[in-house]
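Read through the structure below, which is laid out as structure tokens, and then see the notes.
Taken together, the values in this text are just the output of simple stated rules run on the coordinates, not laboratory data. The shown structure was predicted, so the numbers you read here are calculated from the model rather than taken from an experiment. Positions of Cβ are generated from backbone atoms using ideal geometry, with glycine treated the same way; all protein chains shown enter the neighbour counts.
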Amino acid sequence: MRYEFIIYWSKADGSFIVEVPELAGCMADGATYEEAVANAKEAVQEWLKFTINTGLTTRSNHGFEGCYRGEG
């Protein structure tokens, strides 16, 4: 399955941010564009694993604080 990534530079954080709008709260960052995308791919996998293990659907965010992967 493929998911849309919204990628932008955050001057405040000094890093690239990747948001995955289809997966509530799933996002990542990285010092480089490539690192941010790699971190986002891993975050998607972790997000999906979490929803399967807890019985949530991929469209639900009930009881889910979010998914974050990156530096710091």
Residues of the stretch 1-48 classified as small (G, A, S) and in a helix (DSSP H, G or I), total: 4
Among (1) buried (at least 20 other Cβ atoms within 10 Å of the Cβ); (2) without any contact (Cβ under 8 Å) to a residue 40 or more places away in the chain, the one test that G30 misses: (2)
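Is it the case, given these coordinates, that N53 is surrounded by fewer than 18 Cβ atoms within 10 Å (Cβ to Cβ), free of Cβ contacts under 8 Å to residues at least 40 places away in the same chain, of a type in the set (S, T, N, Q) and in a helix (DSSP H, G or I)? Outline the logic, then answer.
Numbers: surrounded by fewer than 18 Cβ atoms within 10 Å (Cβ to Cβ): yes; free of Cβ contacts under 8 Å to residues at least 40 places away in the same chain: yes; of a type in the set (S, T, N, Q): yes; in a helix (DSSP H, G or I): yes.
Against the criterion (surrounded by fewer than 18 Cβ atoms within 10 Å (Cβ to Cβ), free of Cβ contacts under 8 Å to residues at least 40 places away in the same chain, of a type in the set (S, T, N, Q) and in a helix (DSSP H, G or I)), N53 qualifies.
Residue-by-condition table, conditions (1) closer than 24 Å to L56 by Cβ; (2) touching a residue at least 60 places away in the same chain (Cβ under 8 Å); (3) of a type outside the set (K, R):
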| residue | (1), (2), (3) |
| --- | --- |
| R2 | yes, no, no |
| F5 | yes, no, yes |
| G14 | no, no, yes |
| E22 | yes, no, yes |
| E35 | no, no, yes |
| N39 | yes, no, yes |
